[in-house]
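FYI, it's all coordinate maths here, none of it is from the lab. Just so we're clear, the structure is a prediction, and the values are computed from it rather than from any experiment. Reconstructed Cβ throughout: ideal geometry from the backbone, glycine too, with neighbour counts over all protein chains shown.
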Amino acid sequence: MRQIVVTLSDASGGAKNSDPIPLDIHGRPDVSLQVAVTGTANWTLQQTLDDPFNTPSGSIVWVNHPDANMVAQTVTRQGNYAYIPAAVRLQLSSGSGSAKLTIIQSGDNRA
């Protein structure tokens, strides 16, 4: 899977969420995550098992990442998934800075 990069900036006027970022649910379960902070920003990584293509956006259930190092953070962090959620999103809760999410999902290694 190609690298995916999403940036959110300036949540001083209120929280912001990225669009859902679908992952390859048929791919390998190894997913690397990095959120890089510039300036002042409070961020959380969230995931869902709901299909982002077939679930109305207001009906998707978003759950905070199970690793506390990826929830309510203000600094740059790396994390991972050992399983594949259907989609992830970056939530910027507050701050005038920015947070950049980079996702790398391992490709199919079948010969």
query: Taking other Cβ within 10 Å of each residue's Cβ, how do HIS26, HIS65 sort, fewest first?
result: HIS26, HIS65
query: Which option, (i) 56; (ii) 64; (iii) 60, is the value of percent of Cα pairs over 16 Å apart that was calculated from these coordinates?
result: (i)
message: Can you work out the Karplus-derived ³J(HN,Hα) for every residue in the range 8-15? Use 6.51 cos²θ - 1.76 cosθ + 1.60 with θ = phi - 60°, whole Hz, and x for glycine or proline.
response: 10, 9, 6, 9, 5, x, x, 4
- request: Give the distance, in whole Å, between the Cα centre of the range 1-67 and the Cα centre of the range 70-111.
  value: 6
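Give, rounded to the nearest 20 debye, the magnitude of the charge dipole that the range 4-105 has about its Cα centre when Lys and Arg contribute +1 at Cβ and Asp and Glu contribute -1 at Cβ.
220
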